[in-house]
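The values are calculated or read from the model by the stated rules, or taken from the named source; none is laboratory data. Note that the structure is predicted; figures quoted are calculated from it, not measured. Quick reminder, even Gly has a Cβ in these numbers, built from the backbone with ideal geometry, and neighbours come from all protein chains shown.
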């Protein structure tokens, strides 16, 4: 009898772990910035750094077509490896029905080839995504014109909590 109780307890704990792991599902998002990319000094970024703001449109699994508004702090100048770091990123993706996913991000722009590398953390949302969690890797390219940045294209690949699982 003792063995049976122990077996049931271990089985329940194991199945609970599987259920919790199932709360995260894969997602991918592809974004293209639209309109001007603005950069200016801002106290939130600290001395010698500047705030970059932009908007994008695209598609995200579980949301469909999205609009995105984001900003981040570019840190000083590129380092000795040609990485221009950014941090304190803040972004919100809006679905057509008004539901949203919010997150923070950081990473770097590799100056040699204008590739963007980043880490994105989902920390909330609205509607079906209230309380959403997750994370993703970002990979993209900064588009450059004769007078500086003209836009960017970015893909996020990661996991997000299942729709409505935290409501």
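May I ask you to verify whether residue 165 is over 16 Å from the mean Cα position of the chain (by Cα), over 20 Å from residue 49 (Cα atoms) and at pLDDT below 95? When the stated conditions are applied, residue 165 passes them. Being touching a helix residue (DSSP H, G or I) at 6+ places or on another chain (Cβ under 8 Å) and under 24 Å from residue 45 (Cβ atoms) is the filter here, so list the residues in region 76-99 that pass it. Result: 88, single match. Residues in region 105-133 that are part of a strand (DSSP E or B), closer than 16 Å to residue 60 by Cβ and in contact (Cβ under 8 Å) with a residue 24 or more places away in the chain: 105, 118, 120, 122, 125, 126. Scanning region 26-42 turns up no residue that is touching a strand residue (DSSP E or B) at 6+ places or on another chain (Cβ under 8 Å), modelled with pLDDT of 60 or more, part of a helix (DSSP H, G or I) and closer than 30 Å to residue 147 by Cα. Each residue in region 53-82 was checked for being part of a loop (DSSP other than H, G, I, E, B) and in contact with a strand residue (DSSP E or B) (Cβ under 9 Å, 6 or more places away or on another chain), and 10 of them qualify. Summed over region 134-165, the residues that are free of Cβ contacts under 8 Å to residues at least 60 places away in the same chain and outside any strand (DSSP E or B) give a count of 3.
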